[in-house]
1. Among the listed residues A:Lys119, A:Lys154, A:Lys138, which satisfies the condition of being under 17 Å from A:Ile165 (Cβ atoms) and part of a loop (DSSP other than H, G, I, E, B)?
2. Tell me, which helices (runs of 4 or more DSSP H) lie completely within the range A:264-371 with 3 or more residues that are closer than 20 Å to A:Leu239 by Cβ?
3. From the residues in the range A:1-44 that are within 11 Å of another protein chain (Cβ to nearest Cβ), in contact with a Phe, Trp or Tyr (Cβ under 8 Å, 6 or more places away or on another chain) and buried (at least 17 other Cβ atoms within 10 Å of the Cβ), which one is farthest from A:Met353 (Cα to Cα)?
4. Could you give every pair whose Cβ atoms fall below 7 Å, whose first residue belongs to the range A:106-117 and is at pLDDT 95 or above, and whose second residue is surrounded by fewer than 22 Cβ atoms within 10 Å (Cβ to Cβ) and charged (D, E, K, R), counting only separations of at least 6 or pairs across chains?
5. Take the range A:113-151 and flag every residue that is within 16 Å of A:Val87 (Cα to Cα), among the β-branched types (Val, Ile, Thr) and in contact with a Lys or Arg (Cβ under 9 Å, 6 or more places away or on another chain).
6. Only one of B:Ala229, B:Ala242, B:Ala212, B:Ala171 is within 30 Å of B:Gln72 (Cβ to Cβ) and away from chain A (no Cβ under 14 Å). Can you tell me which?
7. Take the range A:137-154 and flag every residue that is within 14 Å of A:Leu212 (Cβ to Cβ) and aliphatic (A, V, I, L, M).
8. Being among the hydrophobic types (A, V, I, L, M, F, W, C), farther than 30 Å from A:Ala29 by Cβ and under 18 Å from the mean Cα position of the chain (by Cα), is that true of even one residue in the range A:313-321?
Amino acid sequence: MIFKLTEEQELLQKTVRDFAREEVAPKAAEMDEKEEYDWSLWDKMAEMGLTGIPFPEDYGGAGMDNLSYAIAVEELSRVCASTGVLVSAHTSLCSWPIYQFGTEEQKQKYLVPLAEGTKIGALGLTEPSAGSDAGSVKLTAVPDGDEYVLNGTKIFITNGGRADIYVIIASTDKSRGHRGTAAFIVEKGTPGFTFGKKEHKMGIRASYTYELVFENCRVPKENMLGQDGQGFKIALATLDGGRIGIAAQALGIAQGAFDQALEYSKIREQFGKPISANQGLQWMLADMATRIEAARLLVYRAAYLKDNHQPYGKESAMAKLYASECAMWVTTKAVQIFGGYGYTREYPVERMMRDAKITEIYEGTSEVQRIVIAANLLK
Amino acid sequence: MKIVVCLKQTFDTEAKITINADGKINDQGVSLIMNPYDEFAVEEALRIKEKDGGEVTVISVGGAKAQDALRQALAMGADNAVLITPELEVMDEYATATILAKAIEGMEYDLILGGFRAIDDGSAQVAGRVAEILGLPVVNVVTKLEVADGKALATREIEGGSEVVEVPLPAVITAQKGLNEPRYPSMKGIMKAKKKPMDKKGLADLGLEPAAVAAKVTALSYFLPAPRAAGKIIPGEPAEAAVALARALREEAKII
């Protein structure tokens, strides 16, 4: 076991940390306030190669490993959770299934622009009555000649509205349940594919969360990703890896909040001394730092297993479960350390606390993570 | 165009400076960065290469950790890196410049760039000394640089303005803030840097005896500045307050 990053990983960490601090951090509060993302940041990230980190150079990616990708998402999330999930959902939820299950034509047509960042991606899985019960998707895909006709809605889709390429999980044979599902690649602008409601959320307010509406939307047969019947399987495999991205996001949120709280505790004086002179606060900081380190090791280990082509389903679920609960706890403590000021929008910790909550819910709730872990333990 | 860029790894601008038990500056666990002024120099070299073609070599005198700064330059787009580790107890600007000049002497170059000063020692001497040793013209605190037809046209800061200086190449030019906006290394750049040459040398490889680069200036002691006292607000009508302020500036602050 080697507890040291490679020189390349260290340079990537420093580069993304500098970029996040200088370019993203100054915009984070305003983007959250206005619920509007500044897309010039995406263009800068594309130029730096942050939009396709774990994919081979032949497909427009950076040819780096999953640990490097996790570090990049962590560093971005430290200053802006919305930016972290933008990159994570794009890379893990859309680019990855196309990389893993796509034909060469599909990879050239879709993966290359996604990795290069000229197109943005999203995954359309969740429906009003299919959340944790992802297998019970109702959106239908009916074959008709050279095409499939899609009908139904998806909700809570991250990057929705702005993404150009969507991986949509549809039901092709209701009688077979989740074995009667398939995945399709659908481009924005396809007739019959429109956007419904934009969600107004507690946190990650600069991340676009949209309803997708399909009304007799015709998609070429060649746009089926993988085989008919594999839709749910593709979705689950995608979420296994997406978990590492979200775990990294949660880790970054926790670290960012902790950094703020640590600095503040040294400056804020009450009763004639900095509040960090109080043992109670020292213990709080110690607990926060320890939990963050534990989360970090779980996240990095899951990424390491994936990089080494070893099974990582249980470990990625543990990382996501622990890091998200850690983020919620640490950000709440951070607001506490800031006291009254932390409750105002003048300081970033209230945003970080609002951002943290979703990490316990999306890409598999904490409850689902526990199911996955237990299933692995009891098999 | 063959460009050599001298760079130094320095303390991070945010680093806390402390003196250790030996009376020396504590460098344990301190975050290190590429000297920001050297970053401007690396960026300028890369822009010239992108425009006119050529090769950029980055060179540094330092310990093993300086490889991180050199690697960052390679990831930004530099072609080769040279690290010279002299393993001397005490170094001064004369020693650093002598070593750099000796190493550069053996290279082909049309232009030598560097930051105008390092943010840690802040002496602003090394590039000038290198130019002197190599017999080259040097233009400092440059905020704009154009290179063409074997000449450099450098805009440099002067008191109250700027002047444009023309020098024949090869020359030494030092960068001031405002020369450019350094790029972030790209992910591809980071991966490519792995395969670029990082040449490590010692004094012997340059044919230098330790005696030849013995420091001519030694620091007698280091001490931290007095902590900043709280500011003082001088109340009253402007005319009276001005008198009180002038008196305080003369008698308390002793600056007029």
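1. A:Lys119
2. A:279-307, A:313-338
3. The first filter runs over the range A:1-44 and keeps only residues within 11 Å of another protein chain (Cβ to nearest Cβ), leaving A:6-23, A:44.
Now narrow it down to the ones that are in contact with a Phe, Trp or Tyr (Cβ under 8 Å, 6 or more places away or on another chain): A:15, A:18-19, A:44.
Within this subset, residues satisfying the condition of being buried (at least 17 other Cβ atoms within 10 Å of the Cβ) are A:15, A:19.
On the way: A:Thr15: 26, A:Phe19: 23 Å.
So the residue we want is A:Thr15.
4. Final answer for the pair search is A:Pro113/A:Lys119.
5. Matches in the range A:113-151: A:Ile120 only.
6. Values: B:Ala229 fails: within 30 Å of B:Gln72 (Cβ to Cβ); B:Ala242 fails: within 30 Å of B:Gln72 (Cβ to Cβ); B:Ala212 fails: within 30 Å of B:Gln72 (Cβ to Cβ).
Just a single option satisfies the conditions, and that option is B:Ala171.
7. A:Val137, A:Leu139, A:Ala141, A:Leu150
8. Our first condition is that a residue be among the hydrophobic types (A, V, I, L, M, F, W, C); within the range A:313-321, this holds for A:317-319, A:321.
Within this subset, residues satisfying the condition of being farther than 30 Å from A:Ala29 by Cβ are A:317-318.
Checking which are under 18 Å from the mean Cα position of the chain (by Cα) leaves us with A:317-318.
Checked the range A:313-321: at least one residue is among the hydrophobic types (A, V, I, L, M, F, W, C), farther than 30 Å from A:Ala29 by Cβ and under 18 Å from the mean Cα position of the chain (by Cα).
The values are calculated or read from the model by the stated rules, or taken from the named source; none is laboratory data. In this text the structure is predicted, and so the values were computed from the model without any measurement. Here Cβ is always computed from backbone atoms with ideal geometry, including for glycine, and neighbour counts include all displayed protein chains.
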